[in-house]
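Notes follow once the structure below has been shown.
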Amino acid sequence: MNERQNTTTTTVTVIGLGPMGQAMTRTLLKAGHQVTVWNRTASRADGVVADGAKHAATPREAVEASDLVILSLTDYRAMYDILDGATDSLAGRTLVNLSSDTPDRSREAADWAAGHGAGFLTGGVMTPAPMVGTEAAYVYYSGPADLLDSHRATLALLGAPKHLGDDPGLAQLMYQAQLALFLATLSGLMHATAMLGTAGIPAREALPELLPLADSIGAMLRAGEEHPGTALDAGEHPGELSTVTMMGATADHIVETSRALGIDLALPLTVQAHYRRAIDDGHGGDNWTRIIDGIRAPR
């Protein structure tokens, strides 16, 4: 292990004090780190300052306080806006951007940081703020592996680090993929709740019936002897259990029912389109997983 990897960070800067930034700051303070914070709305720092953090008056002061600077912002544009006047202080420091944005913007940010002599790690925090620092928390990272290793002990306090590779865009790609699944599932849950609501079934009764199905989807996909991704990677879609035609008919019925109920059709029409594309392409007898072809290569 080289000298860089033996580094132990005792001072950390956190820029951005929304719920996530505050949770990370408190987690680091609890572990005994000296934490300097900065936020555009200064009053958001009051709580963590009361807990022991130091409030920097300017972004430059915040950057210069630590070799490790963690950013928890709305997007990457905010990083440029905040650090634009402190770029001459970035050399030799490590920026860990845990904000949400696109993979391409993450790659551009890594180039920008390198241009100012700073190391750069992209991160995606896969836990809500109240769970930061718990055993259930984990964070995807991409960028130089040795850079992550040099700060691993500190970053691991926030959540178990999962390094995806040197490409700075990979962590954001994984993060956005996870959120695509998360948001689509939430929309599906609310659509189903709205359907039942038209019959006078309140959400407090509907959700206990719907949530077990949401909980069981992962288990159903893992039920086969093979890893569920193996057939997908091989381009194999055996249709013994659930075919595109069968699932497509279900999608048609959901659209018809939703239309009759007078609720929004955006989600069911999108799902229906996936199955119609596969049927039009001659794959009606294949497993429902065949819809990935149309998602990968939209017309």
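The values are calculated or read from the model by the stated rules, or taken from the named source; none is laboratory data. Nothing here was measured: the structure is a model prediction, and the numbers come from that model. Cβ placement follows ideal geometry from the backbone for every residue including glycine, while neighbour counts extend to all protein chains displayed. The protein model used for the area step is the full one, side chains on, heavy atoms only, and it has no ligands, DNA or RNA in it. Shrake-Rupley method; radii C 1.70, N 1.55, O 1.52, S 1.80 Å.
Pro19 passes all but one of (1) within 22 Å of Pro128 (Cβ to Cβ); (2) open to solvent by 20 Å² or more (accessible area, probe 1.4 Å); (3) touching a Ser or Thr at 6+ places or on another chain (Cβ under 6 Å); which number fails?
That leaves (3) as the condition not met.
Does the stretch 211-223 contain at least one residue that is closer than 24 Å to Arg105 by Cα, assigned to a loop (DSSP other than H, G, I, E, B) and either among the hydrophobic types (A, V, I, L, M, F, W, C) or without any contact (Cβ under 8 Å) to a residue 12 or more places away in the chain (or both)?
no
So the check is Cβ under 6 Å with 6+ separation or different chains; which pairs have a first residue in the stretch 268-282 that's in contact (Cβ under 8 Å) with a residue 40 or more places away in the chain and a second one that's open to solvent by 60 Å² or more (accessible area, probe 1.4 Å)?
Matching pairs, first to second residue: Pro268/Ile254.
If you go through the stretch 149-158 one residue at a time, how many are surrounded by fewer than 22 Cβ atoms within 10 Å (Cβ to Cβ) and within 20 Å of the chain's Cα centre (by Cα)?
3
Given (1) among the polar types (S, T, N, Q); (2) within 18 Å of the chain's Cα centre (by Cα); (3) not assigned by the TED database to the domain that holds Leu29, identify the lone condition not met by Ser100.
(3)
So which of Leu95, Leu83, Leu73, Leu68 is in contact (Cβ under 8 Å) with a residue 24 or more places away in the chain and under 15 Å from the mean Cα position of the chain (by Cα)?
Matching residue, one of Leu95, Leu83, Leu73, Leu68: Leu73.
Within the stretch 84-113, which residues are polar (S, T, N, Q) and part of a helix (DSSP H, G or I)?
The answer is Thr87, Ser89, Ser106.
Can you tell me which residue among Asp88, Asp101, Asp111 is in contact (Cβ under 8 Å) with a residue 24 or more places away in the chain, out of contact with any His (no Cβ under 9 Å at 6 or more places or on another chain) and acidic (Asp, Glu)?
Exactly one of Asp88, Asp101, Asp111 is in contact (Cβ under 8 Å) with a residue 24 or more places away in the chain, out of contact with any His (no Cβ under 9 Å at 6 or more places or on another chain) and acidic (Asp, Glu), namely Asp101.
Name the residue that is surrounded by the most Cβ atoms within 10 Å (Cβ to Cβ), counting only residues in the stretch 169-210 that are free of Cβ contacts under 8 Å to residues at least 12 places away in the same chain and outside any helix (DSSP H, G or I).
The qualifying residue surrounded by the most Cβ atoms within 10 Å (Cβ to Cβ) is Ile201.
Give me the residue from the stretch 255-276 that is under 29 Å from the mean Cα position of the chain (by Cα), in a helix (DSSP H, G or I) and of a type outside the set (Gly, Ala, Ser) and, out of that set, surrounded by the most Cβ atoms within 10 Å (Cβ to Cβ).
Tyr275
For Thr134, state whether it is open to solvent by less than 20 Å² (accessible area, probe 1.4 Å) and either out of contact with any strand residue (DSSP E or B) (no Cβ under 6 Å at 6 or more places or on another chain) or in a loop (DSSP other than H, G, I, E, B) (or both).
It is false that Thr134 is open to solvent by less than 20 Å² (accessible area, probe 1.4 Å) and either out of contact with any strand residue (DSSP E or B) (no Cβ under 6 Å at 6 or more places or on another chain) or in a loop (DSSP other than H, G, I, E, B) (or both).
Which condition number in (1) open to solvent by 70 Å² or more (accessible area, probe 1.4 Å); (2) part of a helix (DSSP H, G or I) is the one that Ala249 fails?
Every condition holds for Ala249 apart from (1).
May I ask you to verify whether Ser142 is in the same structural domain as Pro268 (by the TED database), touching a residue at least 24 places away in the same chain (Cβ under 8 Å) and of a type in the set (Gly, Ala, Ser)?
no
Confirm whether Ser242 is open to solvent by less than 40 Å² (accessible area, probe 1.4 Å) and free of Cβ contacts under 8 Å to residues at least 24 places away in the same chain.
No, not satisfied.
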